[in-house]
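Enquirer: My questions all concern the structure below.
The values are calculated or read from the model by the stated rules, or taken from the named source; none is laboratory data. Just so we're clear, the structure is a prediction, and the values are computed from it rather than from any experiment. For neighbour counting, all protein chains shown are included, and Cβ atoms are generated from backbone atoms with ideal geometry for every residue, glycine included. Heavy atoms of the whole protein, side chains included, go into the accessibility calculation; ligands, DNA and RNA do not. Shrake-Rupley method; radii C 1.70, N 1.55, O 1.52, S 1.80 Å.
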Amino acid sequence: MPMLRTVDDHSLTDEDTGLFEVLCRRRGWSDRYLKEIEATEHDELLDLAEMVEALHDARTTDKKITIAPDFDMDGISAGVLGYAGLSELGFDVELHLPDYRRGHELAPEDIAEIQAKWPATRVLLTCDGGVNSHGGIAAARALGWTTLVTDHHEELAPGSTADITVDPCRIDETYTHTGICGAHVLYQVIEAYTRVHRPEKLWEIHLLRLFAGLGTVSDVMPVLYENRSLVRDAISIARLLRVAAPKTIPNPRGGFDADPDAIDVEQSIMMQLLRTEPHHPVFLRAFEGFAIVLKAFAQAGKIRDVDDLDEGFFGFYLAPAMNSPRRTGASLEPCFAVFTAAGADVKFKAARQVIEGNELRKQLVIKHMEELVAGEQPLAPWVYFSDAYPGMYGLLANRMMEFNGHPVVVLNRPTSPDDPVSGSGRAPEWYDIITSLEPHDGLSAIGHQQACGVRVAKAEKLGDLVAVLKEATQVSRLAVSSDGPNGDLVLGPDADCDAGLEDLQPLFELVRRTEGLKPFGRGFTAPVVEIAIEPLGLRVDRIGSESQHLRLVTRSGLSCLWWNAAEEKFDAIQSFVGAPAAPNSAPCASRRRCS
């Protein structure tokens, strides 16, 4: 008998409907919806034209511009994009190295550093920050500088004090899709300038979509509307900077294995194209640096073929590595140097430092998570205290949020009721931390709705923080359905599964058509397919450089990889592998999720 499921009031059977159609119905992905989210048209940001003309005045009157970026991956992307783009367009421009110890807002100390290093500065251009940096902007204006802010964070009353502010989250902004990253905002400014004043440079400026797309993924912006084409373009440009490792290492089989050390980044298609015509050295360094980053990750075993270079690489490898210095207290300089240093050797050294720093960050997360769980936590599961470096709080909060399934805040441990307390909060997509805390005296948050810095004026108000998180979560969850299976589709031998695993052709078709919907990310997440595996005859192996992954091989030869699950799941799976299933048992109890 064919299996029958009812989805969106349409009866579907595995005889007359393919798995992809079932998936789309369950996700609500109608043809109309899939077409709508591909729309690339968007409004013009308020005061964009005014900023274009302010930039033109700076170029035509030889005023030095100094770019002041934020310090995360979006800020790095925006800073490199602005530095490379304005240099290529003929501006006199410098790039300031931010200090994450001062926080995300531009500080008077930043202005003092810029003034000391580049005293000829006459224009300050911020990116991925500045809309609420009243102290820093005041210090710049006191020097007589023109202050131009490009940002994407929410503007707070009384509003920006800069001469010109371009921000989709301005108080008076009407931009429809506000979820664009800081690098994308600056890209729109520079692209608009190029269209008006340097149209012959549009091809070069369009290549900077690489960095705007990287910022989009790294800052977890919704992968919808104009962001979709941006991320696709970024991936395409990145792939043109990749060079496959030549096969020069002899192997016992009589052939040759790939040697990432032998990669010559100058052989990439993009670098060859760029070398055919004169370009500003700063512009060339940005792309050479990206190619060197890809080589370094290939050497680390993270990129083996071109398909590995996608939005997942941006979000799970490159962005965490670039964000690692502020997590561990290390220098941020290599993260900028890899895109801005004059020599390829210097860039490669910086790239290696970034990757090594990320490995340290991973070890510290494990260490501090163990301390978090084992330590005294009187306000758990809502608020946790940690003695880790403050830059780690966001990562720890994210881990605990994923474990608990609700918003979590990680803070420094106070010593008295009057102590101010600060840290980071993380929340699922259905919860807005900033809006929830805003009405409550002594509680505040700044950043993004689901990833933000949290401050409690006095430790005695920590109980209020717990109450707000708990109450608001209960209200939010009323609108979130938890019925049904965890996955979008379930494959396996059971009667309630959507399809079996013996005929692979429908699965190939599902993968092919699903891959065609990329990129995935926030707002348009990748489908989750669960696989129900019969434990009888199952072979379980630990694989990976640290035996951290699991490989499950069924009696029929189906091989499933379960990433980073060995430590937690190996012993449990081994305990029931080989034991006969009880009659009329629920086979799906042994499901293992693969996506």
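Enquirer: So for the chain, what are the equivalent ellipsoid semi-axes in whole Å, largest first, each being the square root of 5 times an eigenvalue of the Cα gyration tensor?
Expert: Each semi-axis is √(5λ); the values are 42, 31, 25 Å.
Enquirer: May I ask you to list the trypsin sites (Lys or Arg not before Pro) in segment 280-310 that are in a DSSP loop and have at most 14 other Cβ atoms within 10 Å of their Cβ?
Expert: Passing sites in segment 280-310 are ARG304.
Enquirer: Give me a comma-separated list of calculated 3J(HN,Hα) values for segment 418-432, in order, Karplus coefficients 6.51, -1.76, 1.60 applied at θ = phi - 60°, integers in Hz, x for any Gly or Pro.
Expert: Running phi through 6.51 cos²θ - 1.76 cosθ + 1.60 with θ = phi - 60° gives 8, 5, x, 10, 9, x, 10, x, 9, 8, x, 5, 7, 10, 10 Hz.
Enquirer: Can you pull the accessible area of TYR317 for me, 1.4 Å probe, Å² to the nearest 10?
Expert: It works out to around 90 Å².
Enquirer: Can you compute 3J(HN,Hα) from phi for each residue in segment 208-222, using the Karplus curve 6.51 cos²θ - 1.76 cosθ + 1.60 with θ = phi - 60°, rounded to whole Hz and x for Gly and Pro?
Expert: 6, 4, 3, 7, 5, x, 4, x, 4, 6, 5, 8, 6, 6, x
Enquirer: How much of the DSSP beta bridge set in the chain is antiparallel, as a percent to the nearest 5?
Expert: Here the antiparallel bridges make up roughly 60 percent for the chain.
Enquirer: Quick check: from the Cα gyration tensor, does segment 33-130 come out rounded (a/c under 1.5), prolate or oblate?
Expert: Oblate is the answer for segment 33-130, as a/c is 1.5 or above yet b/c matches or exceeds a/b.
Enquirer: Let me ask something else about it. So how do ARG512, ARG539, ARG242, ARG361 rank on accessible area, 1.4 Å probe, biggest first, that is with the largest at the start?
Expert: ARG512, ARG539, ARG242, ARG361
Enquirer: List the lysines whose alpha-carbon lies under 29 Å from that of LYS35, not counting same-chain residues fewer than 8 positions away?
Expert: Counting by Cα, and skipping residues close in sequence, LYS35 has these lysines nearby: LYS518.
Enquirer: Amide H neighbours of HIS152 under 5 Å, at least 5 residues apart or on other chains, H built in the peptide plane: list them.
Expert: Amide H to amide H, under 5 Å and 5 or more residues apart or across chains, HIS152 pairs with ASP128, GLY129.
Enquirer: Averaged per residue, what accessible area in Å² does the chain show with a 1.4 Å probe, protein chains only?
Expert: Normalised by residue count, the accessible surface of the chain is 47 Å².
Enquirer: Using the Cβ atoms and a cut-off under 9 Å, what net charge is assigned to the surroundings of ARG551, where Lys and Arg are +1 and Asp and Glu are -1? Don't jump to the answer; show the numbers that get you there.
Expert: On the way: positive: ARG539, ARG542; negative: ASP541.
Around ARG551, the surrounding residues sum to +1.
Enquirer: Using heavy-atom solvent-accessible surface (probe 1.4 Å) with all chains present, what is the largest-first order of PHE290, PHE403, PHE256?
Expert: PHE403, PHE256, PHE290
Enquirer: Hull surface divided by four, with the convex hull built on the Cα atoms of segment 218-328: how many nm²?
Expert: Average of the hull's projected areas for segment 218-328 equals 9.3 nm².
Enquirer: Counting only helical runs of four or more DSSP H residues, what would the 222 nm mean residue ellipticity of the chain come to if each run contributes -39,500 (n - 2.57) and the total is spread over all its residues?
Expert: Helix contribution divided over all residues of the chain: -12500 deg cm²/dmol.
Enquirer: By how many degrees, 0 to 90 and rounded to 10, does the Cα axis of helix 182-197 deviate from the longest principal axis of the chain?
Expert: 50
Enquirer: Which of VAL217, ALA572, MET270 sits closest to the plus end of the dipole of the chain, meaning its Cα is farthest towards the positive end, when Lys and Arg get +1 and Asp and Glu get -1 on the C-beta?
Expert: Farthest towards the positive pole: ALA572.
Enquirer: Do you know the relative contact order of the chain, to the nearest whole percent, from alpha carbon pairs under 8 angstrom that are 6+ apart? Walk me through the intermediate numbers first.
Expert: Working: 1071 pairs, mean separation 60.1, N = 595.
About 10 percent, as a whole number.
Enquirer: Same structure again: From the P(r) of segment 155-239, could you give the percentage of C-alpha pairs in the tail past 18 Å? Provide the component values of the computation, followed by the final result.
Expert: On the way: 1723 of 3570 pairs.
Counting pairs separated by more than 18 Å, the tail of P(r) holds 48 percent.
Enquirer: Here is a further query. Leaving ligands, DNA and RNA out of it, rank TRP430, TRP29 by accessible area with a 1.4 Å probe, largest first.
Expert: Ranked list, largest accessible area first: TRP430, TRP29.
Enquirer: Which whole number in µm²/s is D for segment 361-428 by Stokes-Einstein, with the Kirkwood Rh taken over Cα pairs at 4 °C and 1.567 mPa s?
Expert: Approximately 109 µm²/s, per Stokes-Einstein.
Enquirer: In this model, which of LYS302/LYS362; LYS362/LYS458; LYS63/LYS117; LYS64/LYS117; LYS295/LYS347; LYS295/LYS349 are farther than 20 Å apart at the alpha-carbon?
Expert: Going by Cα-Cα distance, LYS362/LYS458 fall outside the 20 Å limit.
Enquirer: Let me ask you something else. On the accessible surface of the chain, probed at 1.4 Å, how many percent belong to carbon and sulfur atoms?
Expert: Values: 14340 of 27700 Å².
Looking at the chain in its full context, I get 52 percent from C and S.
Enquirer: Hey, what's the per residue convex hull volume over the C-alpha atoms of segment 256-389, in cubic angstrom? Intermediate results must be reported in sequence, preceding the final value.
Expert: Working: hull volume 18.5 nm³, N = 134.
Hull volume normalised by residue count: 138 Å³.
Enquirer: What figure, in Å² to the nearest 10, do you get for the accessible area of ILE433 with a 1.4 Å probe and non-protein molecules left out?
Expert: Solvent-accessible area, nearest 10 Å²: 0 Å².
Enquirer: In addition: So what does VAL196 come to for accessible area, using a 1.4 Å probe and Å² rounded to 10?
Expert: Number for this one is 90 Å².
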